[in-house]
Amino acid sequence: MDTITYFKDRFEKLQEQQLDSRLKSLRDGAFSAFEQTGIPTVKHEEWKYTRISDFFSKDYHFTTDLQEQQFRATELQPFLLPGHENANIIVFVNGHYHAEHSVLRSEELEIISLEAAAHNQYAGIVETHLGHSADYHKDGINALNTAFIQEGVFIHIQKGKTVNHPVYIYNVTDARSGNIFAQPRALVHVGENAQVEILETFATIGADESFTNQVFEIAVEENAVLSLYKIQNDAANSTIVSTTHVHQVGKSVANVVTISLSGGLVRNNLNMVMSAPYCEANLSGLYLQSGHTHVDNHTVVDNRQPNCLSNELYKGIMNGHATGVFNGKIFVRQIAQKTNAYQTNKNILLSGNATVNTKPQLEIFADDVKCSHGCTVGRLDEEALFYLKARGISEATARSLLLHGFALDVLEKIGSEDVRQYVNKLVTASLNLG
Amino acid sequence: MNMETDQLVHNNTAAESDVIENHVNSEYKYGFVTDIEMESAPKGLDENTIRFISAKKNEPEWMLEWRLKAFAQWQKMKPPHWANLTYPDIDFQDIIYYAAPKQKIKPNSLDEVDPELIKTFEKLGISLDEQKRLTGVAVDAVIDSVSIGTSFKEQLAELGIIFCSISEAIQEHPELVRQYLASVVPVTDNFYAALNSAVFSDGSFCYIPKGVRCPMELSTYFRINAENTGQFERTLIVAEEGSYVSYLEGCTAPMRDENQLHAAIVEIVAMDHAEVKYSTVQNWYPGDKEGKGGIYNFVTKRGICKGVHSKISWTQVETGSSITWKYPSVILQGDHSTGEFYSVAVTNNFQQADTGTKMLHIGKNTKSRIVSKGISAGQSQNSYRGLVRVGKNAANARNFSQCDSLLLGDKCGAHTFPYIEVKNNTGVVEHEATTSKIGEDQIFYCNQRGIDTEKAVALIINGFAKEVMNQLPMEFAVEAQKLLAISLEGSVG
């Protein structure tokens, strides 16, 4: 059975099992969208530089109960992030939320399944925000996730509360017995005047292939502050398509930092939708790749209301046979006057076999705006290298110093001290600093 | 005090929008029709149309074969839809593919050309009359499907320069045409390139022999006159080793309610140490204020820097056409070759432009520079779309791109789609873009120095486009500046 037929078969079974589900019609719509558009190929403008269609000729499966039982809490140990003793922990295994491995430390926080949320007092929020990202992704891969929403989570942050313990989300794929196709799904609702810090990471166990197709939707209400740090340091047998959709419903601040250090193929879709005046969004990213990895960062900043501000900074260092892709879109709608939107993308190529494809894109329909983008692709500054070497610093150290300095701009955007130091260590290690 | 300042500020803003309003309301002045007896092919396109065109031009058998092959290819292709443009599908059977002013005999010199035609070009400010040799520009004038005359031919021939219409070149220099035609833009390149290859009727051919520096600007002037026709011209420029030529192109069309199609191809070949400078002022009829009528301009322009240290430079001022789809490109094959692209694209009312360039770095130590300035007014949409590709072996490639957009009014759009693909780690590629409107502080600064708002806006627009205007040859720069004024500035001088 090929993968697409397999999806179809599983979808029909799922819909039969859950006849009274509130999410049934959403799934139905998504699956027909998936059937219509299919898996995006390189002919799809948004997937021009990233080929995922080949993966679907492989034999992937959704998880079986057997594989889930195999997973023990101790196996999470190597992937634990600093400060986990003090954090709220949410664990997804093969795309399913695992309550027994998760820890809830803050009472301002509520974590329930999406299905449950669709039936209780949060039904309105779920209805408004679940699947909102579909408007921005006219491709089958996003729809595929929605078609199989069942054990996703709904995370609610009470209004007026600051969550003192950060939220750590582990997306674990257990590929010890067979190729796994995992589809984690979460909807986060940050209430009025609330504040939360979320840290997310991906981990693959086992040597078989893992494909993670994640959709993470976040609604941010009036005066709320969201900080989201994504750390991608997965194994070479992993493929990640991670869609993060931040919908700023009220005047709010959202900071998102994406750090991609390794993995087989990584594709990040990050959307910032500013639906209220005076929103602020800060997007930053660092992709530091070697070997044969492929990393693709697609960002969208959609200015739908006036007086919003966005800052975007993405930096890439490509070594070995790695390929880096950046596509940053800024939309300014006609009513979104007085928008300030800035975007920068800088890349360094370290090897003759590495590739960078970048496409910073502005689509502007309002006149009273300040929008700019800049992007560069180049090598290390020879004069800076000479300067350091002239002062007795070896070439290798000088290079890693300069590269580290290049990456620092992005690292500094990480608000949490613990996380920043942790990421800094990872970056230092991959730059071979002494 | 506050009241007064507020009032003043208010007045100023009002004055500013009035000025911009005036800019937006100017008229197209080349919209007349020349009443002249025409000879044309029946509407529609099939093999017979191509045979008809080929027979009219008295073409050799190989040319007809070549056209028919292109036609077969075209039938297999679909029109591209990836550009940021919206327009109804074009009915390719509803177009006249060949129209020519009726002339009893082939003119041997300009004296024998129908005076009505000469008058048409004079009305457009184009002199075919050799009395005006002081201007020092050799002109090839193309009306609808045929070239009606080329000036300064003898003087150029003395230097070995061939400058004639492409149909003449097919007759007289078949070996050159066969060698270079479609060598830069292959027939299969895109839908409109295939269409043009099948039905092109005229255009200019220019050959600069080794070591010759062309002493004057060469110029082609295109004019669509007949109704329901499409114009499909083809230009081929070959610059041999160490030669130099500066080439100008201008275009206009009458005002009509229906849309007319223009699908041209320009090919440039530059050998070792050769330099070609190609400048365009495109002023096809842009349609009226409601967006009715206007020219659909689908053009493929590409040059190849074949030899070492060669240089191709494209400069364009795009003010006309209701739809512009145009990406003058340079293939930088020779080591140390240079490609340049300077563009001012102005859109007004309901015009849509999707224009930009491609710089393909293949050779070593190649350089390219892109400067694109977009000005949008009314309800128009103006897009820059560009590609900079540094191949795996293109060591030490260097590119700098800058695209700035100026928005006049809150109903227009400015878009940027730059593609940058780098596969070599010794290359340096930079791109920057900005979008903004004319700042209130800029206007205020001028007002403060006694420059009224009207003049200030004109000043700022001219300053915005200056970097590109400076690249135009002098004769053209004046015309282009005027054109910019007409397209946008209305009463503003």
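The values are calculated or read from the model by the stated rules, or taken from the named source; none is laboratory data. A quick note: this is a predicted structure, and the numbers were derived from the prediction, not measured. Cβ coordinates were reconstructed from backbone atoms using ideal geometry, including for glycine residues, and neighbour counts include every protein chain displayed. Calculation scope for accessible area: heavy atoms of the full protein, side chains included, ligands and nucleic acids excluded. Shrake-Rupley method; radii C 1.70, N 1.55, O 1.52, S 1.80 Å.
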Cα centroid of the stretch A:384-413 to Cα centroid of the stretch A:306-382, whole Å: 23 Å
Interface B/A, total buried accessible area with a 1.4 Å probe, nearest 100 Å²? 2800 Å²
Distant-in-sequence amide H partners of A:Ile330 (H built 1.01 Å from N, under 5 Å): A:Val301, A:Gln361, A:Leu362, A:Glu363
Bounding extents of the protein assembly as shown in its principal axis frame from Cα atoms, largest first in Å, are 96, 74, 70
At 10 °C and 1.306 mPa s, what whole-number value in µm²/s does Stokes-Einstein give for the translational diffusion of the stretch A:6-131, with Rh from the Kirkwood sum over Cα pairs? 88 µm²/s
Need the list of lysines near A:Lys425 for cross-linking: C-alpha distance under 19 angstrom, and skip anything on the same chain fewer than eight residues off. A:Lys230, A:Lys315, A:Lys413
Share antiparallel - DSSP beta bridges, the protein assembly as shown, percent rounded to 5: 10 percent
Using 10 Å bins from zero, what percent of all Cα-Cα pairs in the stretch B:263-344 falls into each bin? 19, 42, 24, 11, 4
Rounded to the nearest 20 debye, dipole of the protein assembly as shown from Cβ charges on Lys, Arg, Asp, Glu: 1840 debye
Hull shadow area, averaged, the stretch A:293-405 [alpha-carbon convex hull, nm²]: 8.0 nm²
Heavy-atom accessible area per residue - the protein assembly as shown, 1.4 Å, Å²: 38 Å²
Local net charge near B:Ala465, Cβ-Cβ under 10 Å (Lys/Arg +1, Asp/Glu -1): 0
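Tell me the relative contact order for the stretch A:3-276 as a rounded percent, counting alpha carbon contacts under 8 Å between residues six or more apart.
16 percent
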Need one number: % antiparallel among DSSP beta bridges in the stretch B:256-328, to the nearest 5. 0 percent
The distance between the Cα centres of the stretch B:270-306 and the stretch A:97-172, in whole Å, is 53 Å
Could you derive backbone 3J(HN,Hα) for the stretch B:302-313 from the dihedral phi with the Karplus parameters 6.51, -1.76 and 1.60 (θ = phi - 60°), listing whole Hz in sequence and x where the residue is Gly or Pro? 8, x, 10, 8, 6, x, 5, 6, 8, 8, 10, 10
Restraint check, A:Lys346/B:Lys437; B:Lys326/B:Lys455; B:Lys210/B:Lys392, Cα-Cα greater than 30 Å: B:Lys326/B:Lys455; B:Lys210/B:Lys392
For the stretch B:199-358, I need the span (max minus min coordinate) of the C-alpha atoms along each principal axis, in Å, sorted largest to smallest. 50, 26, 26
Restricting to bridges with both residues inside the stretch A:3-276, how much of the DSSP beta-bridge set is antiparallel, in percent to the nearest 5? 10 percent
Put +1 on the Cβ of each Lys and Arg and -1 on the Cβ of each Asp and Glu in chain A; which of A:Thr128, A:Asn345, A:Met274 then has its Cα farthest toward the positive end of the dipole? A:Asn345
Ignoring ligands, DNA and RNA, what percent of the 1.4 Å accessible area of the protein assembly as shown is carbon and sulfur? 50 percent
For A:Lys24, give me every one of the lysines with a C-alpha distance below 26 angstrom, ignoring sequence neighbours fewer than eight places off in its own chain. A:Lys8, A:Lys13, A:Lys138
Quotient of Cα radius of gyration and Kirkwood radius for the stretch B:161-231, i.e. Rg/Rh, equals 1.00
Across the stretch B:291-301, in residue order, what do the Karplus-derived ³J(HN,Hα) couplings come to in whole Hz, using 6.51 cos²θ - 1.76 cosθ + 1.60 with θ = phi - 60° and x for Gly and Pro? x, 8, x, x, 8, 8, 10, 10, 10, 10, 10
What's the whole-number percent of alpha carbon pairs in the stretch B:338-493 lying beyond 28 angstrom? 29 percent
Quick one: check the C-alpha center-to-center distance for the stretch B:43-90 versus the stretch A:1-50, whole angstrom. 42 Å
Restrict the search to the stretch A:346-434; then list the trypsin sites (Lys or Arg not before Pro) that DSSP places in a loop and that have at most 10 other Cβ atoms within 10 Å of their Cβ. A:Arg391
Here, trypsin sites (Lys or Arg not before Pro) of the stretch B:395-427 satisfying both criteria (DSSP loop; at most 15 other Cβ within 10 Å) are B:Lys411
Amide H to amide H under 5 Å from A:Ala341: which residues, 5+ apart in sequence or cross-chain, H placed 1.01 Å off N in plane? A:Ser310, A:Lys370, A:Cys371, A:Ser372
In µm²/s, what is D for chain A at 37 °C and 0.692 mPa s, where D = kT/(6 pi eta Rh) by Stokes-Einstein and Rh is the Kirkwood radius from Cα pairs? 148 µm²/s
Calculate how large, on average over all directions, the projected area of the Cα convex hull of the stretch B:268-311 is; give the answer in nm² to one decimal. 3.7 nm²
Hz values of 3J(HN,Hα) by residue in the stretch B:60-75 - Karplus curve (6.51, -1.76, 1.60), Gly and Pro given as x: x, 4, 4, 5, 4, 4, 4, 5, 5, 4, 4, 5, 4, 5, 4, 4
Using modelled amide H (1.01 Å from N, peptide plane; none on Pro or chain starts), what sits under 5 Å from the amide H of B:Ile295, excluding residues fewer than 5 places away? B:Gln260, B:Tyr285, B:Gly287, B:Ser321, B:Ser322, B:Ile323
Expressed in µm² per second, the diffusion coefficient of the stretch A:389-434 from the Stokes-Einstein equation, with Rh the Kirkwood radius over alpha carbon pairs, at 37 °C and 0.692 mPa s, is 292 µm²/s
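Filter the GluC sites (Glu not before Pro) in the stretch A:341-434 down to the DSSP loop ones having no more than 15 other Cβ atoms within 10 Å, then list what survives.
Details: sites: A:Glu363, A:Glu382, A:Glu383, A:Glu395, A:Glu412, A:Glu417; in loops: A:Glu412.
Loop-located and lightly packed - A:Glu412.
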